[in-house]
1. Select from region 122-153 the residues that are assigned to a helix (DSSP H, G or I), surrounded by fewer than 19 Cβ atoms within 10 Å (Cβ to Cβ) and in contact (Cβ under 8 Å) with a residue 12 or more places away in the chain and list them in ascending order.
2. For region 157-170, enumerate the residues that are out of contact with any Phe, Trp or Tyr (no Cβ under 7 Å at 6 or more places or on another chain), in a helix (DSSP H, G or I) and either among the aliphatic types (A, V, I, L, M) or more than 18 Å from ALA138 (Cβ to Cβ) (or both).
3. Does GLU32 satisfy the condition of being outside any helix (DSSP H, G or I), among the charged types (D, E, K, R), in contact (Cβ under 8 Å) with a residue 40 or more places away in the chain and surrounded by 12 or more Cβ atoms within 10 Å (Cβ to Cβ)?
4. Quick check, is TYR72 outside the structural domain of ALA150 (by TED's automatic domain parsing), surrounded by 20 or more Cβ atoms within 10 Å (Cβ to Cβ), more than 18 Å from PHE164 (Cβ to Cβ) and among the hydroxyl-bearing types (Ser, Thr, Tyr)?
5. Could you tell me which numbered condition LEU22 fails, if it satisfies all but one of (1) of a type in the set (A, V, I, L, M, F, W, C); (2) surrounded by fewer than 20 Cβ atoms within 10 Å (Cβ to Cβ); (3) touching a helix residue (DSSP H, G or I) at 6+ places or on another chain (Cβ under 8 Å)?
Amino acid sequence: MLIVQDILVSDAVVTEQFICDLDACKGACCWEGDFGAPLEKEELAILEKIYEATKPYLTKEGIDVIGQKGLYVYYDEAQEYGTSLLANGACTFLTYEPNGTAKCGIEKAYEAGAIDYKKPISCHLYPIRTKEEDHFKALNYDEWDICSAACKLGQKEQLPVYKFVKDAIIRKYGAEFYEELDAAAEHFKTLKP
């Protein structure tokens, strides 16, 4: 375990290798799982604010479910808010590219310049999951079998998880945090037998 600016960082964040391989998985993390994308409390208001500008980038089914369930729901088991889900378990913001790859409708709106919010930070940080309790914050690597192709590609290219999500880490914690994490990771490598 590493500690960077009072945040616990699991060893796997710096030792495991990862690069999303969308050709292999087609973005399965957007439709697999039991809960919607985790949302931070401030993101709830952001989703409310950007919804109308995002709507043209969503599917009719997604818009209908958002109309019924809302933009987000509270998941008791996960003890957090997350995006609402379609009947098949997919995120309500899920759209598809012509090649069948999943694409976030929020991110499509961002790329088109309709909004200035990229996507939920939990999606941007994935496969890192954050945990915040009263007395600590932690970054953990979420290992999931649907990402096996991403692990293989990461190993081939020798890219640690934290470097894969560099932009997201900087977005969430700032450039100084990332630089300290990178330095700690480099030092950690020298300690391994």
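The values are calculated or read from the model by the stated rules, or taken from the named source; none is laboratory data. The shown structure was predicted, so the numbers you read here are calculated from the model rather than taken from an experiment. Cβ coordinates were reconstructed from backbone atoms using ideal geometry, including for glycine residues, and neighbour counts include every protein chain displayed.
1. Residues satisfying the conditions are HIS124, ILE146, ALA149, LYS152.
2. Selection gives GLU157, LYS163, ASP167, ALA168.
3. Details: outside any helix (DSSP H, G or I): yes; among the charged types (D, E, K, R): yes; in contact (Cβ under 8 Å) with a residue 40 or more places away in the chain: yes; surrounded by 12 or more Cβ atoms within 10 Å (Cβ to Cβ): yes.
Considered against the rule, which asks whether it is outside any helix (DSSP H, G or I), among the charged types (D, E, K, R), in contact (Cβ under 8 Å) with a residue 40 or more places away in the chain and surrounded by 12 or more Cβ atoms within 10 Å (Cβ to Cβ), GLU32 comes out as yes.
4. Values: outside the structural domain of ALA150 (by TED's automatic domain parsing): yes; surrounded by 20 or more Cβ atoms within 10 Å (Cβ to Cβ): yes; more than 18 Å from PHE164 (Cβ to Cβ): yes; among the hydroxyl-bearing types (Ser, Thr, Tyr): yes.
It is true that TYR72 is outside the structural domain of ALA150 (by TED's automatic domain parsing), surrounded by 20 or more Cβ atoms within 10 Å (Cβ to Cβ), more than 18 Å from PHE164 (Cβ to Cβ) and among the hydroxyl-bearing types (Ser, Thr, Tyr).
5. Of (1) of a type in the set (A, V, I, L, M, F, W, C); (2) surrounded by fewer than 20 Cβ atoms within 10 Å (Cβ to Cβ); (3) touching a helix residue (DSSP H, G or I) at 6+ places or on another chain (Cβ under 8 Å), only one is false for LEU22: (3).
Conditions (1) small (Gly, Ala, Ser); (2) assigned to a loop (DSSP other than H, G, I, E, B); (3) in the same structural domain as LEU39 (by TED's automatic domain parsing), marked per residue:
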| residue | (1), (2), (3) |
| --- | --- |
| LYS103 | no, no, yes |
| ILE106 | no, no, yes |
| TYR110 | no, no, yes |
| LYS119 | no, yes, yes |
| GLN155 | no, no, no |
